[in-house]
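*Asks:* Take this structure, written in structure tokens, and hold onto it; I'll ask about it next.
The values are calculated or read from the model by the stated rules, or taken from the named source; none is laboratory data. Predicted, not measured: the structure shown is a model, and the values here were computed from it. Don't worry about glycine lacking a Cβ; one is built from the backbone with ideal geometry, like all the others, and counts go over all protein chains shown.
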Amino acid sequence: MALLEAIEIKRKMFFEHEGVPFHCLDFEVSTPTARGGQTLVRLKMRNLLTRAVFDKTFKAGDKFKEPDLVMVPASFLYADGEGGHFMDQESFETHEIGPDMLGDALDFLLEGVLVQIQKFNGNPIGIVIPQQVELAVTYTEPGARGDTASGNVMKPAKLETGIEIKVPLFIKEGERVKVSTETREFAGRA
């Protein structure tokens, strides 16, 4: 297995440090001016198991393993007190992903939605949800005429997963809308 040197690690790369997978968010190389000084690499890194983000400095020649990370397509089945339950689309086994790994993903997931489960050494450690999802509006006030004059052209709407977002006045109850999972904002009619 090829080892990565700290100096080779760039943004968005994955590496393993002390048996834990990390994702490089940013890096900074500092080359000392003094002779014999060591080149150092400061990595802003996310621990993929705890989601914690921190900076750590390594020597340029420090070596890391490439982590055994794979992305597996899975469909969302349901959520309960234990977290989310997903069906692996390759092995058809069910994976339970705890609330700490899910973050706010359940705000956007309906039964059957496809996600990617990230596995480290064969065990699920997190999920990647689509950038946009389609959800039905379960409640919103009818848009009143004249609201547009004040520049207030958005109104709150409750969606079928329970989250509330702002939608344009013309959106009616029962319509399907696209929602950005990153910004939690209205992204168009479905």
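*Asks:* Of the residues Thr50, Thr57, which is assigned to a strand (DSSP E or B) and among the β-branched types (Val, Ile, Thr)?
*Replies:* Thr57 is the lone residue from the list that is assigned to a strand (DSSP E or B) and among the β-branched types (Val, Ile, Thr).
*Asks:* Hey, any hits in segment 123-141 for a residue that's over 21 Å from Ala190 (Cβ atoms), outside the structural domain of Val41 (by TED's automatic domain parsing) and assigned to a loop (DSSP other than H, G, I, E, B)?
*Replies:* no
A quick yes/no check of all residues on (1) of a type in the set (A, V, I, L, M); (2) modelled with pLDDT under 95; (3) at negative phi:
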position	(1), (2), (3)
Glu96	no, yes, yes
Asp100	no, yes, yes
Gln116	no, no, yes
Leu135	yes, no, yes
Tyr139	no, no, yes
Val177	yes, no, yes
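*Asks:* Taking segment 1-40, which residues are in contact with a helix residue (DSSP H, G or I) (Cβ under 9 Å, 6 or more places away or on another chain) and among the aliphatic types (A, V, I, L, M)?
*Replies:* Val29, Leu40
*Asks:* Taking Ala52 as the residue in question, decide whether it is under 29 Å from Ile129 (Cα atoms), loosely packed, with under 15 Cβ neighbours inside 10 Å and not assigned by TED's automatic domain parsing to the domain that holds Ile97.
*Replies:* yes
*Asks:* May I pose another question? Would you mind stating whether Gly37 is in a loop (DSSP other than H, G, I, E, B), farther than 26 Å from Lys119 by Cα and touching a residue at least 12 places away in the same chain (Cβ under 8 Å)?
*Replies:* no
*Asks:* Residues of segment 167-190 being outside any loop (DSSP other than H, G, I, E, B) and among the polar types (S, T, N, Q), which ones?
*Replies:* Ser180
*Asks:* Can we say Lys65 is over 15 Å from the mean Cα position of the chain (by Cα) and surrounded by 14 or more Cβ atoms within 10 Å (Cβ to Cβ)?
*Replies:* Answer is yes for this residue.
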